[in-house]
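The structure appears below as structure tokens.
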Amino acid sequence: MASTGGTRPPRRSPMRVWPLVRVALGNGQLVVGAILLLVVLLIAVFAESLAPRAYDAMDLTNRLRAPGPGMLLGTDQFGRDTLSRIIYGSRIALRVGLIVVVIEGVLGVSLGLLAGYYGGLADRMISFLTDITWALPPIVLALAIVTVLGPGLNNVMIAIALVSWAGYARLIRSKAQGLKNMPFVEAARALGESDLSIMFRYILPNTFGLIVVVASLSLPGAILSTTALSFLGLGSQPPAPDWGVILSEGIRFLYDAPFLSIFPGLALVWTVLGFTLLGEGLRDILDPRMKA
Amino acid sequence: MKVMAAPPETAILQVDDLSVCFETSRGSVQAVSGVSFAMAKGEVYALVGESGCGKSTTALAVMRLVPPPGRIRRGHIRLGDEDLLALSDEAMADVRGRRLAMIFQNPLVSLNPVYRAGSQIEEAISLDSVPRPVAWRRAIEVLGRVRIGDPAERALRYPHELSGGMRQRVMTGMMISRTPDLLIADEPTTALDVTIQARILDLLMDLCSHSGMALLIITHDLGIVAEIADRVGVMYAGSLVEQAPVYELYEDPLHPYTRMLMRALPRLGKGQGRLETIPGSVPDLIALPAGCAFHPRCPERLAICASQTPVSRVVGGGRTVACHRGEVDR
Amino acid sequence: MLEYVARRLAMGVLTVLAVTVVLFLIMQLMPGDPIRLIADPDRIPPHQIEALRRQWGLDRPAHIQFIYWLVNIVRGDFGRSIVTGQEVRVLIATRMPFTLMLAVPALLLHYTLAVPLGLLAAIRSGSRLDRAIIVTTSALRTIPGFWLAILLMLVFAINLRWFPISGYQGPRSLVLPVLTLTLPMLGGTVRLTRAEVLETIREPFVLTAYAKGLTHNAVRLKHVLRNALIPVTVMFFLALPWLVGGSVIIENIFAWPGMGRLLWTAITNQDLPVVQGIIVIIAVLTVGANTIGDVISGMLDPRIRIELEEGR
Ligand SMILES: Nc1ncnc2c1ncn2[C@@H]1O[C@H](COP(=O)(O)OP(=O)(O)OP(=O)(O)O)[C@@H](O)[C@H]1O
Ligand code: SF4
Ligand SMILES: [Mg+2]
């Protein structure tokens with residue numbers, strides 16, 4: 001490996017991190033998004049200490065209580081504390097978002113690299129897959145996949161990832177097409193590096209900026225879609241404190257306990273807004289050309 | 001001081017003390033400062049000068065098409081007996097195309113990609129309340145006049161299906177289709193290759209001599225100037241520093257900047273003489289030097305030059321110059 | 001152009017075919033014997049089960065089953081619901097109008113709001129009005145549709161009692177679901193319109209249009225809008241399938257008797273023929289809309305037409 005040292009792709013030196021941080025702090029969207037998310041993250045991490053009660057602790061004497069002292073956001077039909085459930089729900093939301101993005105990212109990036117690097121048949125097969133994926137509205141395709149896999153949060157996460165990898169693949173593909181003829185890649189090839197090694201050790205590191213931008217832009221959508229499927233009863237199952245589950249249970253008591261339908265939604269919007277602002281801020285900094 | 005190079009009764013265009021600036025975040029860019037000139041009917045007047053000296057902006061101001069954040073700050077522009085800056089938007093739109101037209105600097109992107117070449121000319125012609133079929137027939141005639149072969153077929157082509165020279169001719173045709181009194185051509189040949197350049201220039205000259213149209217041509221190319229212009233105006237940093245009939249200007253340039261331009265020309269008046277770079281740099285139009293804008297680069301500057309702005313003077317034979325040295329020497 | 005349309009159509013048919021193949025393969029991969037969805041093997045004697053198997057064609061090899069299935073689909077026969085025994089095509093035909101009843105008005109409302117807003121933002125670009133339009137419509141995007149539905153129900157159905165809370169009870173029932181479908185996606189179209197108009201205004205050919213003597217309004221209409229709205233028009237066609245997809249969630253909340261609710265019921269009941277039928281229909285709709293979008297963009301922009309006719 002020492003022999004390839006000279007052909008290594010140019011890496012960002014640590015020196016350049018500071019200016020980036022300064023730019024980041026100057027980007028209002030990014031700062032606000034980061035603050036919103038920091039709050040969610042802290043709540044998720046310290047859920048045990050923050051939540052007044054366990055998310056599944058029932059209290060049948062206090063059912064459907066309106067918000068008030070002792071139960072800040074009210075209770076549901078089993079007397080469970082809504083605040084506690086929403087607090088624990090933040091863990092599910094964050095985990096879901098990250099897992100979905102990792103799965104779809106790995107899928108999309110690998111396929112995009114293959115398509116862009118090899119071209120030809122591999123490229124055509126992968127773009128055919130993309131065409132099929134895009135032949136259905138994402139939510140419908142996800143529903144079809146859930147039909148096959150069966151309901152459950154894990155299956156829903158897989159389904160959402162399977163419908164949204166194509167965006168990554170398309171972007172990485174064109175980036176890889178551009179990079180594969182760069183001198184440092186040619187040099188690596190001349191030195192006998194294997195295709196796999198070139199793809200993952202030379203081309204991939206140069207697409208990190210793009211990947212970060214795409215991933216953070218698709219995070220809010222991932223959370224929204226999984227929550228929506230949980231709301232439909234296909235994802236997390238009760239008594240999980242998934243915000244979608246809380247909302248779908250709450251909608252049955254819209255007349256008597258509207259607060260059950262309001263607060264989980266606010267938590268969801270808060271989180272999604274945080275990720276959206278963060279994503280758009282990152283895009284402006286890392287890849288301004290992507291701006292619509 | 002007013003400059004009246006062409007007698008007022010025959011002047012088709014008269015620009016007086018024109019100033020245009022662009023309000024940018026860095027400050028106010030003084031693109032045109034106090035430019036005055038006049039053109040006679042059928043005259044070919046060339047504006048020359050280094051890139052960024054304000055030639056296009058002057059032309060756009062005459063069209064009243066200076067793009068934002070630009071703004072005409074001062075001055076008068078008369079076309080015939082009409083005061084253009086006093087006209088309403090509608091009245092100005094009516095003047096454009098009919099009495100005053102302009103071919104823009106980049107012919108390759110100056111046609112709308114979604115309309116056929118013929119339709120774009122037809123659109124201009126039908127502004128004179130000509131019924132559409134007639135307008136279309138005339139559009140084809142116009143294409144023939146700008147020497148496009150097989151005009152009936154070419155009229156049906158979209159811009160991207162035509163070559164660069166062809167597009168430039170379509171543009172020219174569109175702008176002369178309503179026989180304006182004055183045509184402005186902003187570097188009409190820069191993007192084209194040499195043989196096509198020559199044909200376009202030929203065409204423009206023909207139009208002038210046959211229809212009495214006046215032509216304001218903007219160019220970097222002193223070779224072209226020598227070939228086609230009657231008179232020349234030299235611009236520097238937003239000001240018109242010298243104007244003269246073309247022969248006099250080449251024989252006896254008065255302004256030090258003009259002299260440098262001429263020296264930078266390898267073979268005067270011959271072939272493709274282009275403006276060579278001149279030592280020193282073009283001044284920042286946001287913070288123009290005090291006094292004569294040229295003084296930091298001027299080899300002949302006097303003490304007064306750094307503090308007092310020279311005023312344009314008539315020096316006989318339809319010539320004007322803005323330089324302190326002339327005031328002292330002559 | 002005709003040849004181009006034909007080729008686009010052929011591509012579309014191929015894609016739909018591919019979708020159905022994939023769909024069929026996926027369904028084959030389902031764990032368990034499909035017959036158990038039709039009949040409970042513990043209660044029905046084996047010879048009857050065999051008869052059922054033959055009746056449903058489940059005794060044949062997979063590729064034969066697929067060909068039968070495909071031929072039937074092409075003939076418009078999606079089979080029968082396992083749960084109710086009704087013909088799938090009848091089920092879809094009775095539900096589809098309700099879905100379109102939401103999707104089409106939503107699409108029209110979306111564009112009649114978004115295009116003028118985008119235009120206004122572009123004409124006043126940089127102003128406070130511009131920022132207000134962009135920020136509000138973008139903020140709507142972060143509100144999940146199903147929560148927006150709940151909020152609209154709370155405010156307009158429960159508190160104000162202006163509209164029925166759910167179900168189909170005449171035209172007034174349309175208002176809340178249509179709003180729910182319309183509002184979240186507004187931001188995208190507003191931004192697209194605004195960006196396209198701003199970009200087009202800067203094009204040199206706009207100056208040319210002024211130079212030849214056109215008035216402000218003529219230039220704006222015939223040169224700026226005409227060019228800027230090409231991508232916006234194409235998006236119009238691409239959006240319809242999205243709305244149909246989005247209706248799955250919306251129809252459930254509003255207990256709306258459309259295809260989305262049918263799909264959800266079928267999924268929870270593992271009613272495969274119904275699921276397959278709906279998905280094939282939506283795939284046809286999506287690919288059809290994409291094809292129309294392509295053809296329209298070719299009709300509106302000769303550059304794209306050439307590119308499409310020569311490329312691929
Ligand atoms: N939209 C604008 N915003 C800010 N400044 C501008 C704008 N357009 C022109 N300018 C400035 O005005 C000055 C004159 O520009 P103009 O285009 O008239 O020059 P020119 O003489 O035509 O140059 P060229 O030979 O390159 O065409 C330049 O310095 C330019 O920087
Ligand atoms: S005024 Fe002075 S500085 Fe300006 S050109 Fe004349 S001599 Fe040179
Ligand atoms: Mg210019």
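The values are calculated or read from the model by the stated rules, or taken from the named source; none is laboratory data. A quick note: this is a predicted structure, and the numbers were derived from the prediction, not measured. Positions of Cβ are generated from backbone atoms using ideal geometry, with glycine treated the same way; all protein chains shown enter the neighbour counts.
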Query - Answer from B:ARG99, B:ARG132, B:ARG137, B:ARG147 - the residue that is closer than 23 Å to B:LYS41 by Cα and not polar (S, T, N, Q) - result: B:ARG99
Requested in this report: Report, by residue number, each residue of segment B:34-53 that is away from ligand 3 (no atom under 12 Å from the Cβ) and over 27 Å from B:HIS210 (Cβ atoms).
Outcome: B:GLY34, B:VAL35, B:SER36
Query raised in the report: Among the residues of segment A:115-159, which ones are surrounded by 17 or more Cβ atoms within 10 Å (Cβ to Cβ), modelled with pLDDT under 90 and among the polar types (S, T, N, Q)?
Result: A:THR130, A:THR133, A:THR147
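On the basis of being touching a residue at least 24 places away in the same chain (Cβ under 8 Å), touching a Ser or Thr at 6+ places or on another chain (Cβ under 9 Å) and more than 8 Å from ligand 1 (Cβ to nearest atom), does B:ALA31 make the cut?
No: the conditions fail for B:ALA31.
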**Report entry** Of residues in segment A:212-256 being under 24 Å from C:ILE165 (Cα atoms) and not in a helix (DSSP H, G or I), the one farthest from the other protein chains (Cβ to nearest Cβ)
**Finding:** A:ASP256
Query raised in the report: For residues in segment C:239-273 being part of a loop (DSSP other than H, G, I, E, B) and surrounded by fewer than 22 Cβ atoms within 10 Å (Cβ to Cβ), which is farthest from the other protein chains (Cβ to nearest Cβ)?
Result: C:PRO257
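Tell me, which residue of segment B:207-255 that is part of a helix (DSSP H, G or I) and buried (at least 22 other Cβ atoms within 10 Å of the Cβ) is nearest to ligand 2 (Cβ to nearest atom)? Let's see the steps before the verdict.
First, the residues of segment B:207-255 that are part of a helix (DSSP H, G or I): B:207-211, B:222-228, B:246-251.
Narrowing the set further to residues that are buried (at least 22 other Cβ atoms within 10 Å of the Cβ) leaves B:222, B:224-225, B:249.
Working: B:LEU222: 19, B:ILE224: 25, B:VAL225: 21, B:LEU249: 15 Å.
My answer is B:LEU249.
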Report summary line: Filtering segment B:19-44 for residues that are within 16 Å of ligand 2 (Cβ to nearest atom) and either surrounded by fewer than 18 Cβ atoms within 10 Å (Cβ to Cβ) or at positive phi (or both) leaves a count of 1
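Given segment A:122-210, what helices (runs of 4 or more DSSP H) lie entirely inside it while holding 3 or more residues that are within 21 Å of A:ASP287 (Cα to Cα)?
Numbers: elements: A:138-149, A:153-179, A:183-190.
In segment A:122-210, the matching helices (runs of 4 or more DSSP H) lie at A:153-179.
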Report summary line: Among helices (runs of 4 or more DSSP H) entirely within segment B:54-132, at least 3 residues that are within 16 Å of ligand 3 (Cβ to nearest atom) occur in B:55-63
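Looking at this structure, is B:LEU192 crowded, with 18+ Cβ neighbours inside 10 Å, more than 14 Å from chain C (Cβ to nearest Cβ), within 16 Å of ligand 1 (Cβ to nearest atom) and not hydroxyl-bearing (Ser, Thr, Tyr)? Let's see the steps before the verdict.
Working: crowded, with 18+ Cβ neighbours inside 10 Å: yes; more than 14 Å from chain C (Cβ to nearest Cβ): yes; within 16 Å of ligand 1 (Cβ to nearest atom): yes; not hydroxyl-bearing (Ser, Thr, Tyr): yes.
Yes, satisfied.
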Query raised in the report: Within segment B:311-330, is even one residue buried (at least 20 other Cβ atoms within 10 Å of the Cβ), part of a loop (DSSP other than H, G, I, E, B) and out of contact with any strand residue (DSSP E or B) (no Cβ under 8 Å at 6 or more places or on another chain)?
Result: no
Query raised in the report: Is there any pair with a first residue in segment B:291-305 that is more than 16 Å from ligand 3 (Cβ to nearest atom) and a second that is of a type in the set (Ser, Thr, Tyr) and not in a loop (DSSP other than H, G, I, E, B) whose Cβ atoms are under 6 Å apart and which are 6 or more apart or on different chains, and what are they?
Result: B:PHE294/B:TYR236; B:PHE294/B:TYR257
Report summary line: Scanning segment B:210-233 residue by residue, those within 16 Å of ligand 1 (Cβ to nearest atom) and either touching a Leu at 6+ places or on another chain (Cβ under 7 Å) or within 14 Å of another protein chain (Cβ to nearest Cβ) (or both) turn out to be B:LEU216, B:ILE218, B:HIS220, B:LEU222, B:ILE224, B:VAL232, B:GLY233
Query raised in the report: For the subset of segment B:62-114 comprising residues that are within 13 Å of chain C (Cβ to nearest Cβ), within 19 Å of the chain's Cα centre (by Cα) and charged (D, E, K, R), which member is surrounded by the most Cβ atoms within 10 Å (Cβ to Cβ)?
Result: B:ARG96
Query raised in the report: Of these, C:ALA209, C:ALA114, C:ALA132, C:ALA121, which one is aliphatic (A, V, I, L, M) and surrounded by fewer than 20 Cβ atoms within 10 Å (Cβ to Cβ)?
Result: C:ALA132
